[in-house]
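See below for the structure under consideration.
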Amino acid sequence: MRVAILALQGAFIEHERMLARLGVETFEVRQLRDWEQHKDGLIIPGGESTVQIKLLRDLGLYAPVAEAIKSGLPVFGTCAGLIMLAKTQDGEPANRLSTMDIDVRRNAYGRQLGSFYTEAHFEGVGDDVPMTFIRAPYINGVSADAKTLAVVGGHIVAARQGAQLVTAFHPELNDDTRIHEYFIDMIRQSKSDM
Ligand code: GLN
């Protein structure tokens, strides 16, 4: 199994380390040539969604990445990655990759509460999952067949729709590997469905 990690900007190295710990091979996507390699899944890291979407467009990666996700390539978006995948933002078209039926609120916790740590239940993973939030978004709501996987303080912070997984927090910044294992299982499932 080989997982592509979008490495234009943000916290991508931490995802590589996490998958290395799980014995999963990764490669960084910085340009179209990297993207053209074989891949079984994609991680879109945290960082700054405005920068990521601009670079995706400028580098000619936007259409191929969006197409691959729409065709069922398993994808995991954390924080800015979640923002990239949301179809709408506060009820308006988000105009990013926009492949997932979730409505996002950016920088949802304001400046004061911008960054915090908690532990919470994550559906299909278990209890006491470490969650580090950094100027994080949350999900206002899910629609179609998107499902809520975790709720913190009354707000949705993780969701799944088919082979797409998103978390508002950064599981790659803690020691717990369970969320990444969950994503690896999603990749295995999607392969056995083909
Ligand atoms: N606030 C960032 C954005 O809007 C996301 C923050 C993060 O990824 N840690 O893209």
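The values are calculated or read from the model by the stated rules, or taken from the named source; none is laboratory data. All values reported here derive from a predicted model rather than from experimental measurement. Positions of Cβ are generated from backbone atoms using ideal geometry, with glycine treated the same way; all protein chains shown enter the neighbour counts. The area values use the complete protein model at the heavy-atom level, side chains included, leaving out ligands, DNA and RNA. Shrake-Rupley method; radii C 1.70, N 1.55, O 1.52, S 1.80 Å.
I'd like the residue in region 126-141 that is open to solvent by 50 Å² or more (accessible area, probe 1.4 Å) and on the phi > 0 side of the Ramachandran plot and, out of all such residues, is modelled with the highest pLDDT.
Per the stated criteria, the residue is Asp128.
Looking only at region 67-122, filter to residues that are loosely packed, with under 13 Cβ neighbours inside 10 Å and within 24 Å of Ser190 (Cβ to Cβ); which one of those is farthest from the ligand (Cβ to nearest atom)?
The qualifying residue farthest from the ligand (Cβ to nearest atom) is Ser71.
Scan region 51-63 residue by residue and report those that are part of a helix (DSSP H, G or I) and surrounded by 13 or more Cβ atoms within 10 Å (Cβ to Cβ).
Of everything in region 51-63, those that are part of a helix (DSSP H, G or I) and surrounded by 13 or more Cβ atoms within 10 Å (Cβ to Cβ) turn out to be Val51, Gln52, Ile53, Lys54, Leu55, Leu56, Tyr62.
Of the residues that make up region 8-27, is at least one farther than 19 Å from Arg178 by Cα, among the acidic types (Asp, Glu) and within 13 Å of the ligand (Cβ to nearest atom)?
Checked against the condition, which is being farther than 19 Å from Arg178 by Cα, among the acidic types (Asp, Glu) and within 13 Å of the ligand (Cβ to nearest atom), region 8-27 yields no hits at all.
State whether the residues of region 167-182 include one that is polar (S, T, N, Q), outside any loop (DSSP other than H, G, I, E, B) and more than 14 Å from the chain's Cα centre (by Cα).
no
Residue under question is Ala144, and the condition is that it be more than 13 Å from the ligand (Cβ to nearest atom), open to solvent by 10 Å² or more (accessible area, probe 1.4 Å) and assigned to a helix (DSSP H, G or I); does it hold?
Taking the combined requirement at face value, the residue does not satisfy it.
For region 17-47, enumerate the residues that are touching a Ser or Thr at 6+ places or on another chain (Cβ under 7 Å) and open to solvent by less than 40 Å² (accessible area, probe 1.4 Å).
Within region 17-47, Met18, Leu19, Pro45, Gly46 qualify.
All but one of (1) within 19 Å of Ala11 (Cβ to Cβ); (2) more than 14 Å from the ligand (Cβ to nearest atom); (3) open to solvent by 60 Å² or more (accessible area, probe 1.4 Å) hold for Leu165; state the number of the condition that does not hold.
Checking Leu165 against (1) within 19 Å of Ala11 (Cβ to Cβ); (2) more than 14 Å from the ligand (Cβ to nearest atom); (3) open to solvent by 60 Å² or more (accessible area, probe 1.4 Å), the one that fails is (3).
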